[in-house]
């Protein structure tokens, strides 16, 4: 079972109040039902989702619903569940603000004033036309897929009321409202009250963030080591120049000590070099002191070259 399916099934475990049920049904019928003059047909491969839709329709509208189960044998055998409604069609669609005077109308944010209604609407949309990647196998990605850009933009704007930033993209002949931020997807799962899925998602997210941080630190450490090595080799060249031109005696005693130990430990960092000198000689020095001596060496070489 995919993470997306587990999340959807966990959502179906929690019931809603009558107002929230209507909001959820509104999204389901608007985005995933086949609406005809004398019938409404809803199809799903998930038994728990279809059971939730069936129950909500019964509770809210008290209608008779025909259930059809078909076996699909493409690649693997799986069951397809079909709900068929043939009564109170206009009443259902108009009471859910999908139809007006027998014609389909655009979704209107004003129909969902309460925060709970909007969450329920988003739940309905996610259960039927939404999906989310498993964070352990691929990047963070949650999406809703619609037939029209109007629907995609509506969900985008509804998400915006929760300060969730989503984007809309055309894919083939359909439109996708999607989210790529792991933190934002986590907020949505939390909003859907899917606690187990949230814990799983957060565990993976923490692991991935920690792994990325370790990789960044390793890369930083490698980069610093490379920088230290390049600096050390350049300083060895400067020391060779001083020796070849008999300039070492012009340096003070402490600078000569630093020069000697740099020659012994060309790949050591300033901090490591300072610790070695402080431990092996009577000269106590720190990282900044090492840097100060190499500035003096560099200036001496520049002065000599300019003569």
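Nothing in this text is a laboratory measurement; each read-out follows from the coordinates by a stated rule. Given the structure is predicted, the values throughout are model-derived calculations rather than measurements. In this analysis, Cβ positions are derived from the backbone assuming ideal geometry, glycine residues included, and neighbour counts consider all displayed protein chains.
Below is a table of values for the structure above.
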read-out: Nearest-ten-degree value, helix 3-12 long axis tilted from longest Cα axis of the chain; value: 50
read-out: Calculated Rg and Dmax of the range 77-158 using C-alpha coordinates, Å; value: 15.7, 48
read-out: Listed residues 278, 15, 269, most fluctuating in the chain (Gaussian network, C-alpha, under 10 Å); value: 278
read-out: Calculated P(r) tail over 34 Å for the chain, as whole % of Cα pairs; value: 48
read-out: Whole-angstrom gap from the range 271-304 to the range 115-176, using each part's C-alpha centre; value: 60
read-out: Two-decimal Rg/Rh across the range 1-41, once Rg and the Kirkwood Rh are taken from alpha-carbon atoms; value: 1.08
read-out: Calculated log₁₀ intensity ratio I(q)/I(0) where the Debye formula runs over C-alpha points of the range 212-306, q = 0.13, 0.19, 0.20, 0.25 Å⁻¹; value: -0.48, -0.89, -0.96, -1.31
read-out: Residues 8, 66, sorted so that the one with the fewest Cβ neighbours within 10 Å comes first; value: 66, 8
read-out: Kirkwood Rh in Å, taken over the range 1-158 so that all alpha-carbon pairs contribute; value: 16.4
read-out: Whole-Å distance, taken between Cα centres, linking the range 75-105 and the range 189-203; value: 30
read-out: The range 212-306, relative contact order in percent, only Cα pairs under 8 angstrom and at least six apart counted; value: 27
read-out: Rounded to 10°, Cα long-axis angle of helix 115-129 versus longest principal axis of the chain; value: 90
read-out: Footprinting exposure proxy for 134, 209, 282 (fewest neighbouring C-beta atoms within 10 Å first); value: 282, 209, 134
read-out: Relative packing of peptides 292-303, 140-151 - highest average C-beta neighbours within 10 Å first; value: 140-151, 292-303
read-out: Kirkwood Rh, angstrom, the range 17-70 [1 / mean 1/r, Cα pairs]; value: 11.7
read-out: Computed over the range 86-218, the ratio Rg/Rh where both radii use C-alpha atoms and Rh is Kirkwood; value: 1.06
read-out: Highest-fluctuation residue, 250, 159, 57 considered, GNM on the chain with Cα pairs under 10 Å; value: 250
read-out: The chain: relative contact order in percent, alpha carbon pairs under 8 Å with at least 6 residues between; value: 13
read-out: Cα-based helix-to-principal-axis angle, 18-32 vs the chain, degrees rounded to 10; value: 80
